[in-house]
Amino acid sequence: MKFDPASKIQDLLQFGEFGGVNPSITDSATYTFLQAKDMLDTFHGETEDYFLYSRHWNPSNKYLAEAMATMEGTENAWLTASGMAAITNTILQLCNTGDHVVSSITTYGGTFAFLNNYLKKFNIEVSFVDITDLDSVEKAMKDNTKLIYTETMTNPMLQISDIPELKKIAARYDAKLVVDNTFTPMMVAPKLHGADIVVYSLTKYVNGKNDLVAGAVCADNDFINSLIDLNGGSSMLLGPVLDPLRSSQILKNMHTLHIRMKQHSKNASYLANKFRSAGIKVTYPGFEDDKGYKVFTKMLNKEFGYGGMLAIDLKTTEKADLFMEMMEEQGVGYLAVSLGYFKTLFSCSGKSTSSEVPEEIQKRIGMSEGLVRFSMGLDNDIQRTWNKIEYCLKELNLV
Ligand SMILES: *Cc1c(COP(=O)(O)O)cnc(C)c1O
């Protein structure tokens with residue numbers, strides 16, 4: 001199926017009051033009605049085109065939600081003040097006390113902590129599995145399993161989830177498939193491969209400027225309406241609405257996302273090959289011999305490449321730390337968590353973004369203590385960047 005998110009976003013006609021080429025920014029918490037009956041009907045969800053209160057919906061967020069739903073091919077979307085809010089609200093909306101969740105063991109650290117620690121408060125049980133081992137996913141399913149949770153490309157091991165196959169398993173148990181697509185916007189549209197709900201941290205690639213934190217849930221109308229139901233919606237009642245000023249910023253950045261993704265991918269591919277030629281162990285799902293390559297290629301919108309993420313294994317934390325400090329000094333990028341930025345970011349996963357994952361589990365999933373994760377920036381001259389990296393590797397006797 002040809003899916004062209006970039007052209008679809010380009011074709012959006014969204015303009016502001018007085019003909020502004022960018023939609024106007026909502027500066028109101030509440031909205032007036034000229035007829036009292038319209039307010040009552042809006043409370044009962046029986047009107048369209050009316051706004052009631054900005055925690056529920058506001059016009060700026062509607063524009064960005066429309067763009068996100070367009071990119072993902074979903075009926076609708078809703079925006080949250082962070083990626084974690086999108087994830088936690090979705091899971092809390094789908095599960096009741098006593099329910100069960102099957103999740104990939106490698107996920108974003110905050111997601112893992114929520115699933116492993118926080119859901120205990122509600123007596124919701126979580127089984128963690130190797131999401132690429134479909135037999136173990138199937139074996140973990142129970143009658144009360146409400147959802148399978150995974151990331152298209154999992155953090156930090158860059159495993160690839162087989163979304164069509166996971167959907168088949170979920171459907172057999174009447175469970176929803178929830179996919180975090182933060183690492184792979186435009187490249188993969190999980191909904192088109194069977195995901196029921198797609199969650200995002202917009203903080204990363206989608207916004208791409210590291211100047212704000214935001215999230216989104218992309219799903220059908222029924223699910224989005226349930227999230228913001230005035231009486232029982234987890235988003236409405238827990239209240240993590242995105243600020244309209246922020247959503248208007250993100251919307252503008254979405255219009256350059258397709259160009260950025262191509263450059264991130266190009267740079268990561270170049271460096272992955274350079275690291276490998278230098279004899280360093282590299283994880284990069286764009287290598288033909290990578291475990292996830294075939295599955296990834298099956299789902300991929302190829303013009304955007306294999307993504308901007310790669311990881312190298314320097315065996316020990318000590319070596320990883322020295323290498324990262326030196327790369328920062330040499331101007332390769334920043335030693336920082338997060339990803340999807342115009343500058344290259346690198347961090348040692350086990351001691352940072354995945355430090356919530358107990359060491360024994362880190363070992364089980366093959367996460368070395370010297371794993372350095374790179375989010376490649378938009379460098380115009382990537383060969384120059386490699387020269388700097390190679391200098392660091394040689395200075396530290398790593399090659
Ligand atoms: C950063 C991240 C999150 C959390 O998003 P925030 O915007 O920081 O709340 C969730 N999932 C993935 C894959 C992430 O990288």
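The values are calculated or read from the model by the stated rules, or taken from the named source; none is laboratory data. Predicted model, so just to flag it, every value in this text is computed and none were measured. Note: ideal-geometry Cβ built from the backbone for every residue, glycine included; neighbour counts use all protein chains shown. When the accessible area is computed, the model is the full protein with side chains, heavy atoms only, and any ligands, DNA or RNA have been set aside. Shrake-Rupley method; radii C 1.70, N 1.55, O 1.52, S 1.80 Å.
Is the shape of segment 191-325 best called rounded, prolate or oblate, per the rule: a/c under 1.5 gives rounded, else a/b larger than b/c gives prolate, else oblate, with a ≥ b ≥ c the square roots of the Cα gyration tensor eigenvalues?
prolate
Mind checking which of Thr107, Met187, Gly333 is farthest towards the positive end of the chain's charge dipole, using Cβ charges of +1 (Lys, Arg) and -1 (Asp, Glu) about the Cα centre?
Gly333
Excluding residues fewer than 8 places away in the same chain, name every one of the lysines whose C-alpha is closer than 16 Å to that of Lys146.
Filter leaves Lys120, Lys167, Lys168, Lys176.
Taking amide hydrogens as modeled 1.01 Å from N in the peptide plane, which residues meet the under 5 Å criterion relative to Leu310, leaving out close sequence neighbours?
Amide H to amide H, under 5 Å and 5 or more residues apart or across chains, Leu310 pairs with Phe374, Met376.
Pull up the cross-link candidates among the aspartates and glutamates for Lys121, meaning alpha carbon to alpha carbon under 15 Å and not fewer than 8 places away within one chain.
Asp99
Rounded to the nearest 5, what % of the DSSP beta bridges within the chain are antiparallel ones?
Close to 55 percent.
Select from Tyr63, Phe374, His44 the residue farthest towards the positive end of the dipole of the chain; place +1 on Cβ of Lys and Arg, -1 on Cβ of Asp and Glu, and compute about the Cα centre.
Going by the Cα projections, it comes out as Phe374.
Taking the chain as the reference, fit the longest principal axis to its C-alpha atoms, fit the long axis of helix 257-277 to the helix C-alpha atoms, and give the angle between the two in degrees, 0 to 90, nearest 10.
Taking the Cα atoms of the chain, the angle to 257-277 is about 20 degrees.
Can you tell me the Rg and the Dmax, both Å, for the Cα atoms in segment 257-395?
Considering segment 257-395 through its Cα atoms, Rg and Dmax are 14.5, 41 Å.
May I ask you to derive the FRET efficiency for Asp38 and Ala113 from their Cβ-Cβ distance with R0 = 41 Å, giving the value to the nearest 0.05?
Result of the calculation: an efficiency of 0.40.
Using the heavy atoms of the protein chains and a 1.4 angstrom probe, tell me the accessible area per residue for segment 5-254 in square angstrom.
That works out to 41 Å² per residue.
So which aspartates and glutamates pass the test for Lys319, namely a Cα distance under 20 Å, with those fewer than 8 places away in the same chain ruled out?
Reachable aspartates and glutamates: Glu328, Glu329, Glu359, Glu369, Glu390, Glu395.
Only Lys, Arg, Asp and Glu count, each charged at its Cβ (+1, +1, -1, -1), so figure out the dipole size of the chain about its Cα centre, rounded to 20 debye.
The calculation lands at about 900 debye.
Leaving out ligands, DNA and RNA, and with a 1.4 Å probe, what % of the accessible surface on the chain is carbon or sulfur?
50 percent
Once phi is turned into θ = phi - 60°, what whole-Hz ³J(HN,Hα) does the Karplus curve with 6.51, -1.76 and 1.60 give for every residue of segment 330-344, x standing for Gly and Pro?
Going residue by residue, I get 7, x, 5, x, 10, 7, 7, 6, 5, 6, x, 9, 6, 9, 5 Hz, with x marking Gly and Pro.
Once you list every other residue whose beta carbon is under 14 Å from the beta carbon of Val357, what net charge do they have if Lys and Arg are +1 and Asp and Glu are -1?
Once positives and negatives cancel, what remains is -2.
Can you give the helix-only mean residue ellipticity at 222 nm for the chain, where every DSSP H stretch with n ≥ 4 adds -39500 (n - 2.57) and the sum goes over all residues, rounded to the nearest 500 deg cm²/dmol?
Helix-only estimate at 222 nm: -11000 deg cm²/dmol.
Output the 0 to 90 degree angle, nearest 10, between the alpha-carbon long axis of helix 317-329 and the longest principal axis computed from the alpha carbons of the chain.
On a 0 to 90 degree scale, this one is about 80.
Calculate I(q)/I(0) for segment 5-254 by the Debye formula, one identical point scatterer on each C-alpha and no solvent, and give its log10 at q = 0.14, 0.16, 0.17 Å⁻¹ to two decimals.
Scattering profile of segment 5-254, log10 relative to I(0): -0.91, -1.16, -1.28.
Let me know the longest stretch in the chain that avoids all GluC sites (Glu not before Pro) found in a DSSP loop with at most 11 other C-beta atoms within 10 Å.
Result, exposed sites excluded: 49-287.
To the nearest 20 debye, what charge dipole does segment 107-213 have about its Cα centre, counting +1 at the Cβ of each Lys and Arg and -1 at the Cβ of each Asp and Glu?
With Lys and Arg at +1 and Asp and Glu at -1, about 320 debye.
Using θ = phi - 60° and the Karplus relation 6.51 cos²θ - 1.76 cosθ + 1.60, list the HN-Hα couplings for segment 284-291 in order, rounded to whole Hz, with x at every Gly or Pro.
Here the 3J(HN,Hα) series is 7, x, x, 6, 4, 9, 6, 4 Hz.
From the phi angles alone, apply the Karplus equation (6.51, -1.76, 1.60; θ = phi - 60°) to segment 180-190 and give each ³J(HN,Hα) in whole Hz, x where the residue is Gly or Pro.
Running phi through 6.51 cos²θ - 1.76 cosθ + 1.60 with θ = phi - 60° gives 8, 10, 3, 7, 9, x, 6, 5, 10, 10, x Hz.
Ignoring ligands, DNA and RNA, what accessible area per residue does segment 257-395 give at 1.4 Å, in Å²?
46 Å²
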